[in-house]
Amino acid sequence: MGWHTNSMAPGWRIHINYADAEGKSFSRYRHPVSGELVTLENKYWNFRAFHVTDDEPFWHCIAANTNRFSFGYRIMKPTTKGALFKKSKKLASNSTNTANLTNRSL
């Protein structure tokens with residue numbers, strides 16, 4: 001994938017990828033402070049996180065000459081402040097739901 005910033009959709013990014021051959025896949029980025037080009041070899045499982053903003057683009061790209069499976073996630077702020085807390089509080093107030101939640105085996 002060529003150079004890009006994802007600046008149209010700001011937030012934290014988490015990339016998980018798997019490259020099945022050593023030395024045939026990499027991730028590259030421009031360091032936001034020094035401007036240095038940093039190349040990270042992708043071999044087997046890799047986990048990376050970085051932050052994208054509108055005003056400070058994070059330039060990055062990838063290349064692969066092997067099978068490479070990639071999963072990218074954007075971590076966003078909740079759209080409604082406190083929505084998760086309100087839902088959890090509602091579940092906790094219902095004794096049936098609370099019993100069902102606490103008695104489940106994971």
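Would you mention how many residues in the range 22-52 are closer than 18 Å to ARG68 by Cβ and not in a strand (DSSP E or B)?
Adding up the residues that qualify gives 5.
Hey, HIS15 hits all of (1) free of Cβ contacts under 8 Å to residues at least 60 places away in the same chain; (2) out of contact with any Lys or Arg (no Cβ under 6 Å at 6 or more places or on another chain) but one; which does it fall short on?
With respect to (1) free of Cβ contacts under 8 Å to residues at least 60 places away in the same chain; (2) out of contact with any Lys or Arg (no Cβ under 6 Å at 6 or more places or on another chain), HIS15 is out only on (2).
Please go through the range 40-79 and give me each residue that is over 14 Å from ARG13 (Cα atoms) and basic (Lys, Arg), ordered by number.
Within the range 40-79, LYS43, ARG68 qualify.
Out of everything in the range 1-21 that is modelled with pLDDT under 85 and not in a strand (DSSP E or B), what residue ends up being nearest to TRP59 (Cα to Cα)?
Here the residue is THR5.
For a quick check of your reading of the model, give me the residue pairs whose first member lies in the range 53-67 and is within 10 Å of PRO32 (Cβ to Cβ), whose second is surrounded by 12 or more Cβ atoms within 10 Å (Cβ to Cβ) and at pLDDT 85 or above, with beta-carbon atoms closer than 6 Å and at least 6 apart or on different chains.
Every condition considered, the pairs that remain are TRP59/ARG30.
The values are calculated or read from the model by the stated rules, or taken from the named source; none is laboratory data. Since the model is a prediction, treat every value here as computed from it, not as a measurement. Note that we place each Cβ from the backbone using ideal geometry, even for glycine, and neighbour counts take in every protein chain shown.
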